[in-house]
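A.B. asks: Here you go, one structure.
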Amino acid sequence: QVQLVESGGGLVQAGGSLRLSCAASGRTFSAYTMGWFRQRPGKEREFVAAIQRGSGSTYYGDDVKGRVTISRDNAKNTVYLQMNSVKPEDTAVYYCAARGFVYSTDPRRYDYWGQGTQVTVSS
């Protein structure tokens, strides 16, 4: 029912910043909790950030807390991930996801996924 398309990935030097965007289709975007996950080489998909439907409360994974900010613009059907002070270990494919319930750190709980966007951090 909802389609997600990420953009904004690319190559960035350690210590730099970038902003990822996720454009969503669908009239009911505001009813979805939105999340960002990443998959680093050879590792399981992990939770990065989420923004709650309704309240707009935000949640962050321990590895990125203090360095990333998730936000959403419901009028634009878009969710963002601002990344600052990036590290080489942030190199991963970043995925946007949506679910019709409260936030979860478990990727299996999310119903819709984008195709992913590659972020590469050079040292």
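A.B. asks: Can you give the Rg and Dmax of the chain based on its C-alpha atoms, in angstrom?
C.D. replies: Calculated on Cα positions, Rg and Dmax stand at 13.3, 42 Å.
A.B. asks: Hand me the GluC sites (Glu not before Pro) from segment 1-110 located in a DSSP loop with no more than 16 other Cβ atoms within 10 Å, in residue order please.
C.D. replies: Working: sites: Glu6, Glu44, Glu46, Glu89; in loops: Glu44.
Qualifying residues, ordered by number: Glu44.
A.B. asks: Right, here's the next one. On a C-alpha basis, how far is the centre of segment 103-123 from the centre of segment 14-90 in Å? Whole number, if you could?
C.D. replies: So the separation of the two Cα centres works out to 8 Å.
A.B. asks: May I pose another question? Just read off the accessible area of Ser123 with the full protein assembly in place, 1.4 Å probe, to the nearest 10 Å².
C.D. replies: Spelled out: Ser123, probe radius 1.4 Å, area about 140 Å².
A.B. asks: Give a residue-ordered list of calculated ³J(HN,Hα) values for segment 25-36 (Karplus: 6.51 cos²θ - 1.76 cosθ + 1.60, θ = phi - 60°; whole Hz; x for Gly, Pro).
C.D. replies: Rounded to whole hertz, the list is 8, x, 6, 9, 3, 5, 7, 9, 6, 10, x, 10.
A.B. asks: Can you list the HN-Hα couplings for segment 78-90, worked out from phi with the Karplus curve (6.51, -1.76, 1.60; θ = phi - 60°), rounded to whole Hz and with x for Gly and Pro?
C.D. replies: Values, residue by residue: 9, 10, 10, 10, 8, 10, 10, 6, 5, 10, x, 6, 7 Hz.
A.B. asks: Enumerate the lysines that Lys87 could reach by cross-link, defined here as Cα to Cα under 28 Å, with residues fewer than 8 away along the same chain left out.
C.D. replies: Lys43, Lys65
The values are calculated or read from the model by the stated rules, or taken from the named source; none is laboratory data. Owing to the predicted nature of the structure, the values given are computational and were not obtained by experimental measurement. When we count neighbours, we look across all protein chains shown, and the Cβ atoms used for this are built from the backbone with ideal geometry, even at glycine. Accessible surface is based on the protein model in full, side chains and every heavy atom, while ligands, DNA and RNA are left aside. Shrake-Rupley method; radii C 1.70, N 1.55, O 1.52, S 1.80 Å.
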